[in-house]
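Reviewing the structure listed below.
Where a number appears in this text, it was derived from the coordinates with a stated rule and is not lab data. Treat the numbers as computed from the prediction; the structure is a model and nothing was measured. Every residue, glycine as well, gets a Cβ built from its backbone with ideal geometry; the counts of neighbours run over all protein chains shown.
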Amino acid sequence: MSDLRDLLERIVPALQQAGVPFMVAGSFASTAHGLPRATQDIDIVIEGARPDGRVGGRQANSGQLIRMIQSRK
């Protein structure tokens, strides 16, 4: 679970910095709330882009988001 936590600690700040609305769901969220499940993965639900390409009030740029996550290694 430590590897998943490390990954989440890189993804969350990048999403927040990019202003992308999201929520953590699934087994990781369930375990964090004291209800462990057999699956060990992270489900992140991200608001979809609007027709104008904006997400959370900002222009969506997946390449920039990926670079932000990678730079947090």
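Listed values, structure above:
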{"quantity": "Modelled label reach - ARG67, point 7 Å along Cα→Cβ, the range 1-36 residues with backbone N closer than 19 Å", "calculated": "10-20"}
{"quantity": "Amide N of the range 29-46 lying under 14 Å from the label point, which is placed 7 angstrom from the Cα of ASP3 along Cα→Cβ", "calculated": "40-42"}
{"quantity": "Chain lengthening between GLN40 and PHE22 when straightened (0.36 nm per residue, less Cα-Cα)", "calculated": "4.5 nm"}
